[in-house]
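Trainee: Sharing a structure below in structure tokens format, with a few things to ask.
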Amino acid sequence: MSSDATLNAGDIARLAGVGRAAVSNWRRRYDDFPRPVGGTAASPLFSLREVEHWLRENGKAFEVSLGDRVWQSLRGAGDDLRLPELVARAGAVLLYLHRDPDGWRRLARDPALPGLAAALEKATGDLPRVRHEGDDLGPDLVRLLAGLAAERGAAGAFELICERYVEAHSRALDVTRADIAALLATLIGPEPRVVLDPACGIGTLLLTDRGQDVRVLGQELDETAAVIAAVRLLLRGIHAEIIAGDALTRDAFATTSADAVVCHPPFNERAWGFDELTGDPRWEYGLPPRGESELAWVQHCLARVRPGGTVAILMPPAAASRRSGRRIRGNLLRAGALRGVVTLSAAGPDVWLLRRPAPGERPPSELLLMDASDDFAAVAAAWPAHLAGAPHAAGAAGRTVRIIDLLDDEVDVSPARHRPRRDAAELGRGFAAARDGFHAALEGLRGGPPELRTAGRDREPLMTTVAELVKEGAVTVLQAPFKIPMAESGAPVLTGEDIAAGGPPSGRTRPGPALVTLAAGDIVAAPTGVVRVVAAGTGAGAVLGPQLTAYRVDPDTLDADFVAGFLRFAGTSAAASSRVHPASSRTDARRVRVPRLPLPEQRAYGGAFRGLIALADGLRETAALGETLIRLGFEGLVDGHLLPCDQRA
């Protein structure tokens, strides 16, 4: 079959290191820009070969990595409706390459790859139902996959493909955020030997390193997603068994008792099997209402965990207070099964933490309720402390509530409903401090933005890329280790949170050979797109924090603030795109385009960039203080702890 690689406007922008608006401008301005070869009027597809030729002929810098070429060829092997199936096929090929490298070398001697389908069938027979046809991908694409596996490893190659797949199908796929998946893995503890996810999707919640002895079980309604999940797990050496099917109506693990269950079930699913499952023994805490599919999943998870085992399940915020579910929530509380509810962010979801009661176990008297506000570390610390019966386990982010106080007509277990109340003096001090800080922040904004003038020229300056500057020796890239153990004392560590807030290093670690020590003038970039230049008093001499990258420039040829401005613009543009497509890949800083300018002009640009960054920091600080001021004001007026100035107590 034909596998002529295609790409959309966003792909072209990524390859050329420009914004989507630039690609739209090229299409309007240049009559010779390649015509669409597929897609729709709103989202046209272009031939990768033709786009490469046009970019080269017009002097536009671009880079097509092997990963890009594999992905575009995979998309070109079929339409978007077949893309999930093609991704699963690619996963099967990579699993075969991983398991039988000698067999692949024998096959690869013939350009036509005869016997590939049979080899795939033999090497991947433990996958969920998936067909292996010789013309699924074609020999050329299979060889590209083999090259990508040699470059990144089979697991790394498939993760890249999955990232692009999630980006392309972001509206159809509900993939759990990586940080939420890591939190759930922490909450179920390090000890489970059997972990189950009965609605595993493409396997995100199961992709945690728990050692070779852990048995990982998963079930997924969509057969293609089940194949993708199985491949992701098996390529990482995880002992996995993934079954395709509906866990509610066709439970594949009906006789299994897992040590822990994690789950991100489909929300608001009305066709979950209510009529078929009315008398099911899993409904120990009550028949789930037809419109409360999530409470069916909660009880299914509890039925598949051993006595004393933990369930961590994501739930829509409304499930904590809907009247239709109050009877089941009450029964879960009375039995001691529901042990905690945590709001992860304002938009949800919540995490319900449950434990299957052991025979003869005395039910707990309190429920942990927390509003994490993205502070997942507080949740990870509070949950085991609450199970151990520690007082004030929830800390400032929540509270423990007596279960008897929750068993009213509503049985509302929403953390927001039971937020801990402050006393009048504490709230008054907080409001006054927020008000003073807000006024001070407003004063800091009086300087406004830097003065900028119209360029008065249409031609583009001579451009280069960060990658070219690295090759020339003008920029050195320094990468922090993926994990850095924190300590009570030791060398200061500049973390991602520090550069986001513009503050000094907040962490500490013990000295080690792999650590990167920062110098004044280093440019530090986070995966979120935030970029900072290290100053002499705030970061110089500190250790580069985990998942951060530093760019050290030659001060004789480059101004650090000048380069940082272009890196920041590229990073924030990618971050804005990822809010629309949450799983989109991060920008590749090496492709960021930078104009070649004399050093004095660079310094002028750098000064303007510094002014804009200072304005952005000031606006963010002012907005945060304003939100705190408003929240405390409303809270104090509603609770009666604050009064209008024209009223006296």
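The values are calculated or read from the model by the stated rules, or taken from the named source; none is laboratory data. Everything quoted here is computed from the prediction, not taken from an experiment. Because the Cβ atoms are built from the backbone with ideal geometry, glycine has one as well, and the counts that use them run over all protein chains shown.
Trainee: Does Leu407 satisfy the criteria of being closer than 20 Å to Pro317 by Cβ, surrounded by 12 or more Cβ atoms within 10 Å (Cβ to Cβ) and at pLDDT 90 or above?
Mentor: Against the criterion (closer than 20 Å to Pro317 by Cβ, surrounded by 12 or more Cβ atoms within 10 Å (Cβ to Cβ) and at pLDDT 90 or above), Leu407 does not qualify.
Trainee: Name every residue in segment 403-425 that is farther than 27 Å from Asp350 by Cβ and of a type outside the set (A, V, I, L, M, F, W, C), in order of residue number.
Mentor: Scanning segment 403-425 gives a single hit, Asp423.
Trainee: Of (1) part of a helix (DSSP H, G or I); (2) aliphatic (A, V, I, L, M); (3) at pLDDT below 80; (4) touching a helix residue (DSSP H, G or I) at 6+ places or on another chain (Cβ under 8 Å), Ala574 satisfies all except one. Which?
Mentor: Of everything listed in (1) part of a helix (DSSP H, G or I); (2) aliphatic (A, V, I, L, M); (3) at pLDDT below 80; (4) touching a helix residue (DSSP H, G or I) at 6+ places or on another chain (Cβ under 8 Å), Ala574 misses just condition (4).
Trainee: Yes or no: Leu116 among the aliphatic types (A, V, I, L, M), at pLDDT 85 or above and surrounded by 23 or more Cβ atoms within 10 Å (Cβ to Cβ)?
Mentor: yes
Trainee: Also, quick follow-up: For Leu7, state whether it is surrounded by 15 or more Cβ atoms within 10 Å (Cβ to Cβ) and either touching a Lys or Arg at 6+ places or on another chain (Cβ under 8 Å) or free of Cβ contacts under 8 Å to residues at least 12 places away in the same chain (or both).
Mentor: So Leu7 fits the description; yes.
Trainee: While we're here: Just to be sure, is Leu277 hydrophobic (A, V, I, L, M, F, W, C) and assigned to a loop (DSSP other than H, G, I, E, B)?
Mentor: In short, yes.
Trainee: Looking at Arg20, Arg29, Arg14, which one is farther than 18 Å from Arg591 by Cα and out of contact with any Pro (no Cβ under 7 Å at 6 or more places or on another chain)? Steps first, answer last, please.
Mentor: Working: Arg20 fails: farther than 18 Å from Arg591 by Cα; Arg14 fails: farther than 18 Å from Arg591 by Cα.
That would be Arg29, the only listed residue that is farther than 18 Å from Arg591 by Cα and out of contact with any Pro (no Cβ under 7 Å at 6 or more places or on another chain).
Trainee: Kindly evaluate Ala381 against the criterion of being surrounded by fewer than 18 Cβ atoms within 10 Å (Cβ to Cβ), in contact with a helix residue (DSSP H, G or I) (Cβ under 8 Å, 6 or more places away or on another chain), at pLDDT 85 or above and assigned to a helix (DSSP H, G or I).
Mentor: yes
Trainee: Inside segment 477-502, can you point out the residues that are within 14 Å of Leu544 (Cα to Cα) and of a type outside the set (A, V, I, L, M)?
Mentor: Scanning segment 477-502 gives Gln479, Pro481, Phe482, Lys483, Pro485, Gly490, Pro492, Thr495, Gly496, Glu497, Asp498.
Trainee: Pick from segment 496-511 the residues that are under 18 Å from Arg568 (Cβ atoms) and in contact (Cβ under 8 Å) with a residue 24 or more places away in the chain: which of them is surrounded by the fewest Cβ atoms within 10 Å (Cβ to Cβ)?
Mentor: Gly503
For (1) touching a strand residue (DSSP E or B) at 6+ places or on another chain (Cβ under 6 Å); (2) in the same structural domain as Leu354 (by TED's automatic domain parsing); (3) hydrophobic (A, V, I, L, M, F, W, C), each residue gets a yes or a no:
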| residue | (1), (2), (3) |
| --- | --- |
| Ala182 | no, yes, yes |
| Thr186 | no, yes, no |
| Arg193 | yes, yes, no |
| Gly218 | yes, no, no |
| Leu221 | no, no, yes |
| Ala226 | yes, no, yes |
| Val231 | no, no, yes |
| Ala240 | yes, no, yes |
| Asp251 | no, yes, no |
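Trainee: For Glu63, which of the numbered conditions (1) among the acidic types (Asp, Glu); (2) surrounded by fewer than 16 Cβ atoms within 10 Å (Cβ to Cβ); (3) assigned to a helix (DSSP H, G or I) fails to hold?
Mentor: Exception for Glu63: condition (3).
Trainee: Here is a follow-up. Among the aliphatic types (A, V, I, L, M), over 31 Å from the mean Cα position of the chain (by Cα) and not in a helix (DSSP H, G or I), is that true of Leu515?
Mentor: no
Trainee: For segment 178-220, name all the residues that are in contact with a His (Cβ under 8 Å, 6 or more places away or on another chain), closer than 17 Å to Glu163 by Cβ and part of a loop (DSSP other than H, G, I, E, B).
Mentor: Listed by number, the list holds a single entry, Gly201.
Trainee: For residues that are in a loop (DSSP other than H, G, I, E, B) and surrounded by 17 or more Cβ atoms within 10 Å (Cβ to Cβ), tally how many sit in segment 257-268.
Mentor: Number satisfying all stated conditions: 2.
Trainee: On to the next question. Does Val18 fit the bill of being farther than 18 Å from Leu83 by Cβ, outside the structural domain of Phe566 (by TED's automatic domain parsing), in a loop (DSSP other than H, G, I, E, B) and of a type in the set (Val, Ile, Thr)?
Mentor: On the way: farther than 18 Å from Leu83 by Cβ: yes; outside the structural domain of Phe566 (by TED's automatic domain parsing): yes; in a loop (DSSP other than H, G, I, E, B): yes; of a type in the set (Val, Ile, Thr): yes.
Criteria met by Val18.
Trainee: Sticking with this structure for a sec: Which pairs do you get when a residue that is part of a strand (DSSP E or B), found in segment 520-542, comes within reach of a residue that is surrounded by fewer than 16 Cβ atoms within 10 Å (Cβ to Cβ), reach meaning Cβ atoms under 6 angstrom, with the pair 6+ apart or on two chains?
Mentor: Cβ pairs passing all conditions: none.
Trainee: Quick check: anything in segment 72-93 crowded, with 20+ Cβ neighbours inside 10 Å and under 30 Å from Pro595 (Cβ atoms)?
Mentor: For segment 72-93, residues crowded, with 20+ Cβ neighbours inside 10 Å and under 30 Å from Pro595 (Cβ atoms): present.
Trainee: Let me ask something additional. Which of the residues belonging to segment 329-343 are aliphatic (A, V, I, L, M) and either surrounded by fewer than 24 Cβ atoms within 10 Å (Cβ to Cβ) or without any contact (Cβ under 8 Å) to a residue 40 or more places away in the chain (or both)?
Mentor: Within segment 329-343, Leu333, Ala335, Ala337 meet the criteria.
Trainee: From the residues in segment 78-133 that are free of Cβ contacts under 8 Å to residues at least 24 places away in the same chain and in contact with a Phe, Trp or Tyr (Cβ under 8 Å, 6 or more places away or on another chain), which one is nearest to Leu45 (Cα to Cα)?
Mentor: Out of the qualifying residues, it is Ala119.
Trainee: Over 23 Å from Pro600 (Cα atoms), surrounded by fewer than 22 Cβ atoms within 10 Å (Cβ to Cβ), touching a residue at least 12 places away in the same chain (Cβ under 8 Å) and out of contact with any Lys or Arg (no Cβ under 8 Å at 6 or more places or on another chain), is that true of Val516?
Mentor: yes
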